[in-house]
Amino acid sequence: MELSTEREDGVLSLLLDGRLDGSNVSEFDEQVRAAIEDSGSIVVMDFEKLRYISSAGLRSVLMTARTLGNKNVGFALCSLSEQIREVFEISGFDKIIAVHQSRADAIAALKG
Amino acid sequence: MSDSQTQPETGKSTVSLAPDLSALAVLEQTLEEFIERSGLDTALLFRLNLMLDELITNSVKYSLDKLPEPRLELQLSVEDGFVVARLEDNGPAFDPFTEAPQADTTSELADRPIGGLGVFLTKELSDRYAYQRINQRNCIVIHCRY
């Protein structure tokens, strides 16, 4: 699992690459926590290169959504694979976290 | 650490997994090899990986960590249109399908509890799931149609 960040015009993009599961979620949590300390007003998690996520990863995403919600920072996910999207839907996460087709769509929606 | 054995006549594959979270990387590799060898659709990989990941993670975190000699074993086979995964550990008796906390998939973000999701996903993504206590071992069998 590799996490990279991009910042542009008040938007923080978190790009996930690889697999997110119980074996690396603690390290991922730490990195996300550090990155969103200076979040700007919008955060997008880009799943384009994420090929696998388990419930440990889903819990982590949920906690990030909560933290940002408490700070009134806009948060959305984008570019989920079909299988990851299915897991989100089964878990009911798509009802509480915004999911978009592309990063541009996510940013446009959050900027309103 | 793993040692994998395949019996060609039945297509069964048995792997001993390390009783810690390093088992997850071995799991992925084992499933990839099994799917390729059995000529199955690679779309099965994600589903099988997720279900077994959740069960192994539970076993490692809540049961095997308390044992002096933990054992965790996975057997994979193809039977009558199903991939059958059999996961055994020597931890204290625990049926995740009835004893794990119920997942909440409908509450609002702020109120959503965090437990039970892994077992819930396993139930949803499998076609059949079963638990048995056999010879002081927890034995979970998952059927997944292909």
Query raised in the report: So, of the residues in region B:89-121 that are surrounded by 15 or more Cβ atoms within 10 Å (Cβ to Cβ) and touching a Pro at 6+ places or on another chain (Cβ under 8 Å), which turns out to be farthest from the other protein chains (Cβ to nearest Cβ)?
Result: B:Asn90
Query raised in the report: Do we have any residue at all in region B:73-88 that's of a type in the set (A, V, I, L, M, F, W, C) and facing chain A (nearest Cβ under 8 Å)?
Result: no
Query - One residue from A:Glu30, A:Glu6 being touching a strand residue (DSSP E or B) at 6+ places or on another chain (Cβ under 7 Å) and over 22 Å from A:Ser91 (Cβ atoms) - result: A:Glu6
**Report entry** Selection within region A:69-112 - farther than 16 Å from B:Thr105 by Cβ, over 12 Å from the mean Cα position of the chain (by Cα), within 14 Å of another protein chain (Cβ to nearest Cβ) and in a loop (DSSP other than H, G, I, E, B)
**Finding:** A:Lys71, A:Asn72, A:Val73, A:Ser81
Query raised in the report: Taking region A:45-68 only, how many residues are at the interface with chain B (Cβ under 8 Å from one of its Cβ atoms), in a helix (DSSP H, G or I) and touching a strand residue (DSSP E or B) at 6+ places or on another chain (Cβ under 7 Å)?
Result: 1
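Would you point out which residue out of B:Val60, B:Val119, B:Val78 is over 30 Å from A:Thr64 (Cβ atoms) and in contact (Cβ under 8 Å) with a residue 12 or more places away in the chain? Before the answer, list the steps.
Details: B:Val60 fails: over 30 Å from A:Thr64 (Cβ atoms); B:Val119 fails: over 30 Å from A:Thr64 (Cβ atoms).
One residue alone meets the criteria, B:Val78.
Where a number appears in this text, it was derived from the coordinates with a stated rule and is not lab data. Remember, predicted model here, so these are calculated numbers, not experimental data. All Cβ positions, glycine included, derive from the backbone under ideal geometry; neighbour counts span all protein chains shown.
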